[in-house]
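The values are calculated or read from the model by the stated rules, or taken from the named source; none is laboratory data. None of these values were measured; they are calculated from a predicted model. Positions of Cβ are generated from backbone atoms using ideal geometry, with glycine treated the same way; all protein chains shown enter the neighbour counts. In case anyone asks, the SASA skips ligands and DNA or RNA and just uses the protein heavy atoms, side chains included. Shrake-Rupley method; radii C 1.70, N 1.55, O 1.52, S 1.80 Å.
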Amino acid sequence: MARKQRRTNKKSFWHRIRFKYKLSFFNEGTLEEVWSFRLSQLSAFAMLGLFAFLLIAFTAFIIIKTPIRNYLPGYLDVEVRKEIMQNALRADSLERMIQIQSLYLNNVAGILSGTMPVDSIREIDSLARVNPDYEIPQTKEEKKFIKDFEEAEKYNLAVLDPNPVPTDGVFFYKPVNGVVSSHYDANIRHYGVDLVAAPKESVLATLDGTVVFAGFDPNSGNVIQVQHKNGFLSIYKHNELLLKEVGDRVVAGEAIALVGNTGKLSTGPHLHFELWYKGGPVNPEEYIAF
């Protein structure tokens with residue numbers, strides 16, 4: 001009996017909230033019905049819920065997108081911390097730029113007043129005029145190369161050549177610190193070695209001598225040639241900039257050019273180095289440990 005009563009009450013509840021009521025508007029003077037609509041309790045609750053949701057969403061949108069959000073407790077602190085961090089980064093960048101500008105101005109002032117120390121590239125000249133009896137230290141790679149070369153040449157009959165190239169007492173400077181990407185091969189008319197190096201790195205004279213050519217070639221780019229007194233001629237190709245002119249005297253280890261990528265035959269920043277002896281090309285790797 002109780003279960004039947006609960007079921008009846010449930011049906012009565014759903015019937016009440018779904019029962020539609022008519023709301024009419026009348027003209028007071030003529031009692032004519034102007035407008036009316038039917039509405040149930042369920043639809044009224046639904047409309048009120050939708051209106052409340054739209055009102056909350058609209059209010060949140062206004063708060064987020066307008067300065068009103070600054071009046072919310074706790075929000076202003078986050079905003080202030082963010083601005084402080086951005087201002088600190090800007091101040092650090094400005095301080096760094098000021099230091100760079102100050103260093104630049106000090107360098108310019110030193111150059112104009114003549115107090116600027118000599119550039120490190122030109123200081124190589126003094127190193128090249130050391131006592132010839134001074135023994136230059138060798139790295140592990142150079143020692144290993146010399147040992148392997150001596151073992152390979154121990155039974156080489158080519159040392160009996162009646163016209164050997166005189167290299168006693170001659171020390172060849174490595175023209176540039178780089179990696180050999182292409183070796184000497186006379187069969188394909190490649191009379192030198194290609195050394196891949198960093199752009200604008202200093203190119204050094206391998207021996208004392210005189211510049212006999214310094215100019216531009218369409219295929220080889222900026223080329224400089226140095227004639228040495230012992231019959232050797234060294235050639236440096238694909239340079240970015242030539243630091244010497246024809247007739248200049250250079251010493252071993254002195255900067256004569258900068259590594260570049262000039263000429264049609266160049267595929268990247270590197271130095272093409274050739275070594276000639278009395279008009280004939282020789283393999284530079286037989287005299288210099290690259």
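Ordered from highest to lowest accessible area with the whole protein assembly present and a 1.4 Å probe, 35, 276 read as 35, 276. Each of residue 38 and residue 170 was given a label point 7 Å from its Cα along the Cα-to-Cβ line. The distance between the two points is 11.6 nm. If I model a spin label at residue 28 and residue 66 as a point 7 Å from the Cα along the Cα→Cβ vector, what separation in nanometres do I get? Between residue 28 and residue 66, the simple spin-label model gives 3.6 nm.
For the range 222-227, the Karplus equation 6.51 cos²θ - 1.76 cosθ + 1.60, evaluated at θ = phi - 60°, returns couplings of 6, 10, 9, 10, 10, 8 Hz by residue, with Gly and Pro reported as x. Taking amide H positions as placed 1.01 Å from N in the peptide plane, with prolines and chain starts having none, which residues 5 or more places from residue 192, or on another chain, fall under 5 Å of its amide H? Amide H neighbours of residue 192: 185.
Along the range 170-179 the Karplus relation, 6.51 cos²θ - 1.76 cosθ + 1.60 evaluated at θ = phi - 60°, assigns HN-Hα couplings of 10, 10, 8, 6, 5, x, 7, 7, x, 10 Hz to successive residues, with x for each Gly and Pro. Only protein heavy atoms count here; under a 1.4 Å probe, residue 40 has an accessible surface of about 10 Å². Highest-first packing order for the peptide set 192-199, 95-102, 220-227 is 220-227, 192-199, 95-102, based on the mean count of other beta carbon atoms within 10 Å.
Sorting 281-287, 24-30 by average packing, meaning the other beta carbons within 10 Å per residue, from highest down gives 281-287, 24-30. Accessible surface for residue 31 stands near 130 Å², nearest 10, in the context of the full protein assembly shown (1.4 Å probe). Which residues in the range 22-51 place their backbone N less than 13 Å from a point set 7 Å from the Cα of residue 58 along the Cα-to-Cβ direction? Answer for the range 22-51: 50-51. Cross-link pairs exceeding 23 Å between alpha carbons, from the set 143/174; 140/174; 174/278; 229/264: 229/264. Considering only protein heavy atoms, what is the solvent-accessible area of residue 82 at a probe of 1.4 Å, reported in Å² to the nearest 10? Per-residue accessible area (residue 82): approximately 120 Å².
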